[in-house]
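Read the structure below first, then the notes.
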Amino acid sequence: MTLPAPLLTSRPLVWREDGAARGLRHIPEETAIALTYGRATYAVMMATPADLEDFAWGFSRNEGLIAAADEITACEVVVRDIAGEVAIELRLDLAGAREVALWRRQRRLLGATGCGLCGMESLEAALAPLPALASDLRLDAAGLAAAMAGLGAGQTLNRQTHALHAAAFFDPERGIVAVREDVGRHNALDKLAGALLRAGIAPARGAVLLTSRVSVEMVQKLARMGCAVLLAVSAPTGLALRRAESCGITLAAVARADGFEIFTHPARIVIEREAHVA
């Protein structure tokens, strides 16, 4: 079997006030992707079948299974037929010490596009302390806003479907250096983490941009990546704010054409002038 395309073409019946006619619509594919280590399934995620190696490395890094790119020693993409649907298995092998540590964790999860903490073995594991990020990074507010405004140019799949999330990395010296898309916002961030890890780009050098809301698992992934600045289109949750505050992440959100709101650790974002908003 061949790897499925990330987009499909559909011919929906389009109704408008002046009548109905067949239209043309590109829609994103959604595929069951199993991440296996030593041929044992660790997670099954529903994701867009694109940038699979980035997904493998980023998921592994954000799960704490690896810390460096070379700790994955092999990655095989296997396409399978499951009850008439295409499914994908990412067969990963870890370096010896990492493989031993993995099976001490005894963790299983069944993932979905809207789920980021399913299957944690305890409440304590779900809310474990995050790495403290002490960063002297300073980013210009106008530069961040311009980067967010330009993110759409890098969303090649979403421009055709209007149905995918994006996660991007903004380097203050080079602009946006990587964009990854997926039907799942968690998957998009994992793919971005993998792209940076494989390219040797340090997340501490810039900011992550998200087209989604900021729930707690997004903050957790960012902390494990080692990135101290996050800017998102939608609002954060209360728990996300508390976790960002406690681990030292600058969380800015509700990005619009005229600016954004900074909720935690605002000193990293340089603002020329501050106005009072009632």
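Please give the FRET efficiency for residue 159 paired with residue 97, using the beta carbon to beta carbon distance and R0 = 51 Å, rounded to the nearest 0.05. The calculated FRET efficiency here is 0.75. The modelled label-to-label distance for the pair residue 237/residue 132, using points 7 Å beyond Cα in the direction of Cβ, is 2.6 nm. Comparing 226, 150, 23 in a Gaussian network model of the chain (Cα springs below 10 Å), the most mobile by mean-square fluctuation is 23.
What is the order of 72, 271, 176, fewest Cβ neighbours within 10 Å to most? It would help to have the intermediate numbers written out before the result.
Working: 72 23, 271 12, 176 19.
The most exposed by this proxy come first: 271, 176, 72.
Please compute the modelled spin-label separation between residue 174 and residue 104, points set 7 Å along Cα→Cβ, answer in nm with one decimal. Rounded to a tenth, the inter-label distance reads 3.6 nm. Taking each residue as 0.36 nm, the span from residue 202 to residue 16 lengthens on full extension beyond its C-alpha to C-alpha distance by 62.1 nm.
Sequence-ordered 3J(HN,Hα) estimates for the range 96-103 from the Karplus curve with 6.51, -1.76 and 1.60 and θ = phi - 60° stand at x, 5, 5, 5, 5, 5, 4, 7 Hz, glycine and proline given as x.
Sites listed here are GluC sites (Glu not before Pro) in the range 148-248 whose DSSP assignment is loop and whose Cβ has at most 10 other Cβ atoms within 10 Å: 173.
Mind checking the range 2-57 for trypsin sites (Lys or Arg not before Pro) that DSSP puts in a loop (not H, G, I, E or B) and that have at most 16 other Cβ atoms within 10 Å?
Details: sites: 16, 22, 25, 39; in loops: 39.
Of the trypsin sites (Lys or Arg not before Pro), the ones in loops of the range 2-57 whose Cβ has at most 16 other Cβ atoms within 10 Å are 39.
Ordering 269, 82 by the number of other Cβ atoms within 10 Å of each residue's own Cβ, fewest first, gives 82, 269.
Please sort by residue number the trypsin sites (Lys or Arg not before Pro) in the range 146-210 whose DSSP state is loop and whose Cβ has at most 14 other Cβ atoms within 10 Å. Loop-located and lightly packed - 174.
When the dipole is taken about the Cα centre of the chain, and only Lys, Arg (+1) and Asp, Glu (-1) are charged at their Cβ, what size is it in debye, to the nearest 20? Don't skip to the end; give the middle numbers.
Values: 29 positive and 31 negative charges, 42 e Å.
About 200 debye.
Of all DSSP-defined beta bridges confined to the range 139-270, some 60% are antiparallel rather than parallel. Over the chain, dividing the summed -39,500 (n - 2.57) contributions of all DSSP H runs of at least 4 residues by the number of residues returns a 222 nm mean residue ellipticity of -8000 deg cm²/dmol. Bridge orientation summary for the chain: considering DSSP beta bridges with both residues in this region, about 70 percent are antiparallel. Normalised by the number of residues in the chain, the average gap of Cα pairs under 8 Å and 6 or more apart makes the relative contact order 17 percent.
Only the coordinates and a few stated rules stand behind these numbers; no lab work does. Just so you know, these numbers come straight off a predicted model, no measurement behind them. Backbone-built Cβ (ideal geometry, glycine too); neighbour counts: all protein chains shown.
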